[in-house]
Amino acid sequence: MHNLLLESNKVLRQSKGAPAWRAYVEFINNILIQGIALTVTNSLRFLLAMIDPASIAASENPSLLMVKLQLDPNPNPNPHPNPSPNPNPHPKS
């Protein structure tokens with residue numbers, strides 16, 4: 001976008017400090033900011049709809065992700081495969 005503004009400035013032969021040019025650049029910046037904000041908002045709404053149980057139940061669309069937990073019938077009493085002999089191997093001096 002910056003390069004397009006520079007090209008426009010060269011074609012129009014406007015001073016970069018001219019009030020009309022500065023107003024134009026501010027106008028373009030506001031359009032970009034609004035567009036980016038709208039895109040982020042819509043993306044977050046879509047993501048929420050894809051993970052919200054009520055939205056999933058109300059629509060025929062499948063959920064974005066599914067988590068399935070299964071309990072292990074033989075749990076490991078030591079969940080860490082390589083326990084450190086020293087719980088604090090790097091003590092502060």
(request) Select from the stretch 46-59 the residues that are of a type outside the set (A, V, I, L, M, F, W, C) and surrounded by 11 or more Cβ atoms within 10 Å (Cβ to Cβ) and list them in ascending order. (result) 52, 55, 59
(message) For the structure I just gave you, tell me whether residue 48 is closer than 30 Å to residue 67 by Cα and out of contact with any strand residue (DSSP E or B) (no Cβ under 8 Å at 6 or more places or on another chain).
(response) yes
(request) Can you tell me which residue within the stretch 60-70, out of those that are of a type outside the set (Asp, Glu) and modelled with pLDDT under 80, is surrounded by the most Cβ atoms within 10 Å (Cβ to Cβ)? (result) 63
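The values are calculated or read from the model by the stated rules, or taken from the named source; none is laboratory data. Worth saying up front: this structure is predicted, and the values here are computed from it rather than measured. Here Cβ is always computed from backbone atoms with ideal geometry, including for glycine, and neighbour counts include all displayed protein chains.
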